[in-house]
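The next block holds one structure in the form of structure tokens; read it before the comments.
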Amino acid sequence: MIPDRNGPDVTKTLLAEFTACEGAEGEVAHLLREYAQTVRKEVGNLSFEVYTKASSPRAYLIFERYQDEAAFQRHLTAPYADPFNTALVPLIEEAASRLIFLDPEF
């Protein structure tokens, strides 16, 4: 969705980042592949793109866009969100995904 140049952009955009533990790359990729397919079907999800850093393939960046705050809140409270995060945490170096919220500049 392109922001309305005459009004505020109400989309919710963020980057989630984390690093897979050494040896857990395959399991992390499997979890993310399944989760991404589910999230992309959510009402209000505009984008859920999974990337790894070219210089560090265990480092994941997930670009997420939601129609608005309500869609993002539905995503957070979806019945599959907690099981995904519970399964992911022991497989990553960080205590949790780091979320970076983004605002459009122009």
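Under 6 Å by Cβ, and 6 or more places apart or on different chains, what pairs join a residue from the range 22-47 that is over 17 Å from Val89 (Cα atoms) with one that is surrounded by 16 or more Cβ atoms within 10 Å (Cβ to Cβ) and β-branched (Val, Ile, Thr)?
Asn45/Val39
Can you find, within the range 42-84, the residue that is nearest to Ser97 (Cα to Cα) among those that are of a type in the set (Lys, Arg) and open to solvent by 80 Å² or more (accessible area, probe 1.4 Å)?
Initially, the range 42-84 is screened for residues of a type in the set (Lys, Arg), giving 53, 58, 65, 74.
Remaining after also requiring open to solvent by 80 Å² or more (accessible area, probe 1.4 Å): 53, 74.
Details: Lys53: 15, Arg74: 18 Å.
It comes out as Lys53.
Could you grab me the full set of residues in the range 14-33 that are assigned to a helix (DSSP H, G or I) and open to solvent by 70 Å² or more (accessible area, probe 1.4 Å)?
If the condition is that a residue be assigned to a helix (DSSP H, G or I) and open to solvent by 70 Å² or more (accessible area, probe 1.4 Å), then Glu27, His30, Arg33 are the ones that fit.
Which of the residues that make up the range 34-44 are touching a strand residue (DSSP E or B) at 6+ places or on another chain (Cβ under 8 Å) and either among the β-branched types (Val, Ile, Thr) or assigned to a helix (DSSP H, G or I) (or both)?
Passing the criteria: Ala36, Val39.
Please tell me if Arg5 is at pLDDT below 95 and either part of a loop (DSSP other than H, G, I, E, B) or surrounded by 15 or more Cβ atoms within 10 Å (Cβ to Cβ) (or both).
Taking the combined requirement at face value, the residue satisfies it.
The values are calculated or read from the model by the stated rules, or taken from the named source; none is laboratory data. The shown structure was predicted, so the numbers you read here are calculated from the model rather than taken from an experiment. So basically every Cβ, Gly included, is an ideal-geometry build from the backbone, and we count neighbours across all protein chains shown. Accessible surface is based on the protein model in full, side chains and every heavy atom, while ligands, DNA and RNA are left aside. Shrake-Rupley method; radii C 1.70, N 1.55, O 1.52, S 1.80 Å.
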